[in-house]
1. Rounded to the nearest 0.05, what FRET efficiency do residue A:222 and residue A:139 have when you use their Cβ-Cβ distance and R0 = 22 Å?
2. State, as an integer percentage, the relative contact order of region A:1-156 based on alpha-carbon contacts under 8 Å between residues 6 or more apart.
3. Rounded to a whole number, what is D in µm²/s for region A:1-72 from Stokes-Einstein with the Kirkwood radius over alpha-carbon pairs (25 °C, 0.890 mPa s)?
4. Within region B:45-128, report the GluC sites (Glu not before Pro) that DSSP leaves as loop and that have at most 16 other Cβ atoms within 10 Å.
5. Just checking the output field for B:77-88: average partner chain Cβ neighbours within 10 Å of each residue's Cβ?
6. What FRET efficiency comes out for residue A:19 versus residue A:192 if R0 is 30 angstrom and r is the Cβ-Cβ distance? Round to the nearest 0.05.
7. Using DSSP to define loop residues, name the GluC sites (Glu not before Pro) in region A:144-223 whose beta-carbon has at most 12 other beta-carbon atoms within 10 Å.
8. Say each of residue B:32 and residue A:182 gets a label point 7 Å from the Cα, pointing the same way as Cα to Cβ; how far apart are those two points in nm?
Amino acid sequence: MRWIRENALSLTFMTLFVLALAGQAVAGMLEFNDQQLVNGLQPVSLLAYVTSSAFAVDVSENWQSEYLQFLLFIMLTVWLVQKGSPESKRPGEEGPGSDEEQLVGPYAKPGSPAWARVTGPRLHLFGNSLGLAMGTVFVLSWLAQSVSGLAAGNAQRLTDLRDPISWGAYITSPEFWNRSLQNWQSELLAVLSMVVLSIYLRQRGSPESKPVGAPHSATGIEG
Amino acid sequence: MRPMRTALAALALLLAAGCAVDTAAPARAAARFHAAVAAHQDEAACAMLTRQTARKLPDPGETCATALGQLRLGPGGRVTSVEVWGDDALVRLAGDTVFLHRFTDGWRVRAAGCEPEHDLPYDCEVED
């Protein structure tokens, strides 16, 4: 029970993620089969749908945008600040910070991770591992979107009695950029809303908010 | 991150599985269709069409076989290229371009006697 309580946030999001993905699979299959009937084609099973390029492109286009959002948020907040936002460091604190502030190398504490105690490439890798992980998943998801989008798009082109196109043509096509940009704009708006609204609004008890009584001008305080 | 890594690995596997396509079966289906047309076995050729294509081909009062025979489709010739995306395929023969769809009982012809129209849909003598 204690383990569940200490990991409740991750467990809750994982459960919601699985439920939402399952819901997307079922709803997507029903929509796909509706279109199959219109085209005089056979409906597909749930297994066939979740292994299809149509499902893969819908999943990966959302994943890439979410990881891009976190990549940008993590990297831009190193160098850019927003006065009054709990998501930002204080003005004047821009940059990667000193070794002493970051508790690395000779300034490492007894509980510091092993790669924070060393110097050189391992410290550099560990010191940027969060951004690298987000960036890697973003690139792989975007690549997966391009491949699955090409497959789904070409299947649709054949249904429409048109010639398939190459990967190069697909990644410069309006469809690929429409799928990408429609996700990016919503993620960027969500981050902007979080950064700006958290200056003036509060959520009591949430670490994503300043304490209710904190001044609007207070920066980098989490409640 | 572990579930995410597992999900990504699963996605990569699915993509790899999706890339391993069988081009021989649609090529054979297109060649068989044209062989039947060339041999004036129009009923057999109609049986290789999708249900929707076979239904839309004849005018009222006609059978599919009669309508297909009157079209006088040219010879298909040898298969020059095959593209398969999902359950759809395009087979280019020396004398024709054929569109097919994969059903549970095999590949069936959706459109034949097709001429390209730049990036627009092909103009087909037989289509659904």
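1. Numbers: r = 30 Å, r/R0 = 1.37.
E between residue A:222 and residue A:139, to the nearest 0.05, is 0.15.
2. Working: 118 pairs, mean separation 40.9, N = 156.
Once normalised by length, the contact order is 26 percent.
3. Roughly 171 µm²/s, to the nearest whole number.
4. Values: sites: B:62, B:83, B:117, B:125, B:127; in loops: B:62, B:127.
Answer in residue order: B:62.
5. On the way: counts 0, 0, 0, 0, 0, 0, 5, 4, 12, 12, 9, 10.
For peptide B:77-88, the averaged partner shielding equals 4.
6. Efficiency for this residue pair is about 0.60.
7. On the way: sites: A:175, A:187, A:208, A:222; in loops: A:208, A:222.
The qualifying sites are A:208.
8. 4.0
Any read-out appearing in this document is the output of simple, stated calculations on the displayed coordinates, not a laboratory observation. Computed from a prediction, not measured in an experiment: that's the story for all the values here. Please note: Cβ atoms are built from the backbone with ideal geometry, for glycine as well, and neighbour counts cover all protein chains shown.
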